[in-house]
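The values are calculated or read from the model by the stated rules, or taken from the named source; none is laboratory data. These numbers were taken from a predicted model, which means no experiment stands behind them. Here the Cβ positions follow ideal geometry from the backbone for every residue, glycine too, while neighbour counts run over all protein chains shown.
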Amino acid sequence: MKNPTTVFRKLFSIFASWLHFLIQGNNQLGFKSNPHRLPPRASTLASIEINWLKTCSIQGIILDLDNTIVSEDDQYLSPCAEDWITQAKLAGLQFFILSNGKRRYRVKYWSHRLDIPALSPAKKPFPPAFQQAIAYMQLPAKRILVIGDSLHTDFVGALLSGCSYIQVASLPHPPRWWEKLAGRWVQISYPSGGELWDFDSAAGYESFF
C-alpha cells in the first residue's frame with residue numbers, strides 16, 4: 001500500500017500541472033482583442049500598475065484578504081496596499097473582498113478599514129461568492145480581476161466565474177499542514193528580504209467581535 005503522503009503529493013503535482021496549463025491558456029486567450037495583457041503574477045498588490053489594469057479594460061477587483069493584504073497571523077501588512085487601493089478607487093475601480101477566513105470579525109474590520117464590501121466565509125473556489133461580488137459591482141465578469149495568493153482558491157474561482165486573475169506572493173505566515181505539503185505548487189513565496197510592514201491586531205479587532 002502506498003504511503004498517503006506520497007499519494008497526496010502526486011495528486012497535488014497533477015493538480016498543479018493542470019493549473020499551469022489553464023494559466024498559460026488564460027494568458028494567451030484572455031485578451032485577444034487588446035494588445036496589452038495582464039501579468040499573471042506580481043510580488044505585491046502595490047506593484048500592480050493601475051494604469052495597466054485600466055488599459056486592459058478592468059473596472060472591478062475581487063480581492064483576497066489573508067496573506068494578500070494582511071498575513072493570517074496578523075503580523076504583517078502588504079506594503080503600500082492601502083494607498084494602492086485608495087489610488088485604484090480614485091481611478092474608478094470598484095472593489096469587493098472575498099475571504100475564506102472563518103474569523104468574521106477580521107473580515108468585518110478590514111471591510112470597514114478599507115471601505116470595501118466583503119463576504120466571509122466565501123467558500124472559494126466555488127462560484128456563488130464570486131457571482132455575488134460580480135452582481136454587486138454590476139459589471140461583466142470579463143471586466144473584473146481577481147487578485148489573491150492561492151491558485152487553488154482564487155485562480156480556480158476566477159476561472160470558473162469568467163474573471164481575469166493575478167497571483168501575488170503570499171505574505172509570510174505560519175504554514176498550515178497542506179501548505180507544508182503542497183504550498184509551493186499553489187502559492188508564490190514572498191521575496192527574500194522584501195519589504196514588510198508590521199501590523200498590530202490589537203488596534204481595533206475587539207469592536208468587531
Taking into account only those residues within region 50-90 that are of a type in the set (D, E) and over 16 Å from the mean Cα position of the chain (by Cα), which is farthest from P127 (Cα to Cα)? D83
Every residue in region 60-74 that is assigned to a loop (DSSP other than H, G, I, E, B) and buried (at least 17 other Cβ atoms within 10 Å of the Cβ), please. D64, L65, N67, T68, I69, S71, E72, D74
Residue by residue through region 82-100, note down the ones that are assigned to a loop (DSSP other than H, G, I, E, B) and buried (at least 17 other Cβ atoms within 10 Å of the Cβ). L93, S99, N100
Could you please let me know if A118 is farther than 20 Å from L53 by Cα and modelled with pLDDT of 95 or more? yes
Selection count where residues are surrounded by fewer than 17 Cβ atoms within 10 Å (Cβ to Cβ) and within 15 Å of the chain's Cα centre (by Cα), scope region 184-194: 1
For region 55-77, how many residues are under 11 Å from L145 (Cβ atoms) and either in contact with a Phe, Trp or Tyr (Cβ under 9 Å, 6 or more places away or on another chain) or modelled with pLDDT under 95 (or both)? 7
Residues in region 101-115 that are in a loop (DSSP other than H, G, I, E, B) and more than 17 Å from N67 (Cα to Cα): how many? 1
Region 135-155: number of residues that are touching a residue at least 40 places away in the same chain (Cβ under 8 Å), over 18 Å from I69 (Cα atoms) and of a type in the set (A, V, I, L, M): 3
Please specify each residue of region 156-209 satisfying the condition of being aliphatic (A, V, I, L, M) and without any contact (Cβ under 8 Å) to a residue 12 or more places away in the chain. A202, A203
Counting only residues that are farther than 23 Å from H173 by Cα and out of contact with any helix residue (DSSP H, G or I) (no Cβ under 6 Å at 6 or more places or on another chain), region 88-112 contains a total of 6
Any residue at all in region 124-146 that's in a helix (DSSP H, G or I), crowded, with 18+ Cβ neighbours inside 10 Å, modelled with pLDDT under 95 and of a type outside the set (V, I, T)? no
